[in-house]
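Here's the structure, in structure tokens; my notes come after.
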Amino acid sequence: MNRMPDPAGPASYPPSMHPIRPELAGFPDRLKWNARYSAGPPPSFAAHPLAEQALALALPDGPVLELACGRSGSALLAAAAGRAVTAVDSSDVALGSLALEARRRRLDGLITLVHADLGSWQPTAAGFSLVLCTGYWDVTVFARATTAVRHGGLLGWEALTDAARRDRPHLPAQWCLRPAEPACLLPACFDVLSQQEPGPQPATRRRLLARCGG
Ligand SMILES: C[S@@+](CC[C@H](N)C(=O)[O-])C[C@H]1O[C@@H](n2cnc3c(N)ncnc32)[C@H](O)[C@@H]1O
């Protein structure tokens, strides 16, 4: 992904603690992603290009929701633009890093971090001016996310496509977009602004930006 470096420069990231919801203690997605984040390189906190694109467009007043936020800088970018942000992830390690960085940038007052399994977490209906999700796909979560966008607001989503399974055959099919998804799954009240496949073909990722008009 095309990630810009953090203009504030690198920071030192000691292991940070985010409260663990007891019901997620043994949750496989929490354990897997905590291990990845703990073993990986320090985060760049660069915003996803889709977040940059969406936040540059006209948006109604209201908060931003980022699903499966990980340690991306998209939530930080939205908060820096003055938006209240709710950022949801099952990895308390990722949320802890994000909390630390938000505090360093004095944006913590604008960001609410939610430790949750997106499989069961319910957003506020029509509550958000922008709903963003990058690097995650679940068709049920997508359907729920469409209901969280307020009139005039945007839905931005990027996920792996079926083509990603050629190189990574162990990837479950339900984690990957089928042809024409996710645009073809939108309720009729949405207008598709763009659906693109960044990178060389066959594209392993697809990126949607849509506006809720109904
Ligand atoms: C590929 S990373 C993407 C992170 C970030 N959105 C980005 O673009 O860099 C996938 C994220 O989804 C989160 N995740 C995986 N399964 C989840 C679940 N069931 N509920 C909530 N978050 C989940 C992981 O913890 C991880 O942070």
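Any residue at all in the range 87-101 that is more than 9 Å from the ligand (Cβ to nearest atom) and either surrounded by fewer than 18 Cβ atoms within 10 Å (Cβ to Cβ) or aromatic (Phe, Trp, Tyr) (or both)?
Checked the range 87-101: no residue is more than 9 Å from the ligand (Cβ to nearest atom) and either surrounded by fewer than 18 Cβ atoms within 10 Å (Cβ to Cβ) or aromatic (Phe, Trp, Tyr) (or both).
Looking at the range 197-212 only, could you name the residues that are in contact with a strand residue (DSSP E or B) (Cβ under 9 Å, 6 or more places away or on another chain) and over 20 Å from Trp175 (Cβ atoms)?
If the condition is that a residue be in contact with a strand residue (DSSP E or B) (Cβ under 9 Å, 6 or more places away or on another chain) and over 20 Å from Trp175 (Cβ atoms), then Leu209, Ala210, Arg211, Cys212 are the ones that fit.
Inside the range 196-207, can you point out the residues that are buried (at least 17 other Cβ atoms within 10 Å of the Cβ) and either of a type in the set (S, T, N, Q) or under 16 Å from Thr147 (Cα atoms) (or both)?
Once the filter is applied, which keeps residues that are buried (at least 17 other Cβ atoms within 10 Å of the Cβ) and either of a type in the set (S, T, N, Q) or under 16 Å from Thr147 (Cα atoms) (or both), the range 196-207 yields only Thr204.
With respect to Ala188, is the statement that it is modelled with pLDDT under 95, in a loop (DSSP other than H, G, I, E, B) and not polar (S, T, N, Q) true?
The answer is no for Ala188.
If a residue must be more than 8 Å from the ligand (Cβ to nearest atom) and aromatic (Phe, Trp, Tyr), how many such residues does the range 22-40 contain?
So the count comes out to 0.
List every residue pair whose Cβ atoms sit under 6 Å apart, with the two residues 6 or more apart in sequence or on different chains, where the first one lies in the range 133-153 and is under 22 Å from Thr204 (Cβ atoms) and the second, anywhere, is among the acidic types (Asp, Glu) and within 15 Å of the ligand (Cβ to nearest atom).
Hits for this filter: Thr134/Glu158.
The values are calculated or read from the model by the stated rules, or taken from the named source; none is laboratory data. It should be emphasised that the depicted structure is a prediction, and the values quoted were computed from it without experimental measurement. Cβ: placed from backbone, ideal geometry, glycine included. Neighbour counts: every protein chain shown.
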